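The values are calculated or read from the model by the stated rules, or taken from the named source; none is laboratory data. Note that the structure is predicted; figures quoted are calculated from it, not measured. Here Cβ is always computed from backbone atoms with ideal geometry, including for glycine, and neighbour counts include all displayed protein chains.
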Amino acid sequence: MFPNQGINDGLTAKDCGELGYKIITFPLSSLFAQTYALLHFFQYLKEHETDEGYDGHIIEFNEYLKFIGVDKIREMGKKYGLDK
């Protein structure tokens, strides 16, 4: 399904579930949202030559580490002797 193209306008995840779908991922919407965020960030970077002061939505470093599961990765490293 394509976002904002009239193909799935108004069709919600709940609607899809009622049609028998078990998982709805909205991959193109996710891609377009990421692309939009990158374009705005890079425009800021081009204009200011730094990321300092960027007021767009950006994840904090510790939030990112939590999101990717860095603690689990470190545990696995220890388990398989990669911490030496």
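Once the range 24-54 is narrowed to residues that are in a loop (DSSP other than H, G, I, E, B) and at pLDDT below 90, the residue that is surrounded by the most Cβ atoms within 10 Å (Cβ to Cβ) is Ile24. Residues in the range 45-69 that are farther than 21 Å from Ala33 by Cβ and over 17 Å from the mean Cα position of the chain (by Cα): Glu47, His48, Glu49, Thr50, Glu52, Gly53. Yes or no: the range 60-73 includes at least one residue that is surrounded by 10 or more Cβ atoms within 10 Å (Cβ to Cβ), basic (Lys, Arg) and modelled with pLDDT of 85 or more. Scanning the range 60-73, I find at least one residue that is surrounded by 10 or more Cβ atoms within 10 Å (Cβ to Cβ), basic (Lys, Arg) and modelled with pLDDT of 85 or more, so the answer is yes.
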